[in-house]
C-alpha cells in the first residue's frame, strides 16, 4: 500500500503593527515567536494524542476480528454475510488474496492524517459548546450537561492528566483542549470499532457507529 509523506504547515503569528508607546519592535517580534512556538507545541501534542488513539483503536479492532490469531482476517472472521459486507471486505483486501493483513486493515498515512484532522476539528467545535465559562477547560460538571454521551464523564479521570499548561498553571480537575480531543477520538473510534466491519468515525460520538448490514 502506497504511503504518502504529508507535510503539515503551521503558520506563525505575525506582528501587524507597533503600539504608540514606542515599544521595541524586536521585543514584539520575539514575544510573537514565543507565543507561536508555544501554540505549535500544543498543536503537535494534540495531533499526536489523537493519532495514537486512532492507532490503538484500529489495532484493537484488528485483534478482535482475528479470532485465530494468525495475523489475518478471513471473510468469516470479518463477518461477510451480504453484498455490502463482501464489498467492504474486498476494499480492504488490496492484494486480492482472500484475507486482510494488519497492514491492509490499518489506515495508511494519508487516511490516518485525514481522520486525525477530522476528529480534532469535530472535538474542537464540541469543546467550544461545552466550555460554558470560556476558561479553556472542561470540568466534570460541564461533561455532565446532558449534551453528550455519559462515556465522556465516565472516562474523565483517565484523560484528566495531572500537569501544567503552557502558562504554568495546573490542569488537574479540567480537561484541556488537547485532553478533550484525545478523549473524543477514543470514544468515536471505540464506537466505530464495536461494529463488525470498519466504518468512518461518527461525527457525534454519542451516536453509535452504523451496524453492519445483515
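Taking 0.36 nm per residue of separation and subtracting the current Cα-Cα distance, fully stretching the chain between residue 48 and residue 97 would add 14.3 nm.
A straight chain from residue 90 to residue 135 at 0.36 nm per residue would run longer than the Cα-Cα distance by 11.4 nm.
Just so you know, all these numbers are worked out from the coordinates, no wet-lab data involved. From a predicted model like this one, the values you see are computed outputs, not experimental measurements.
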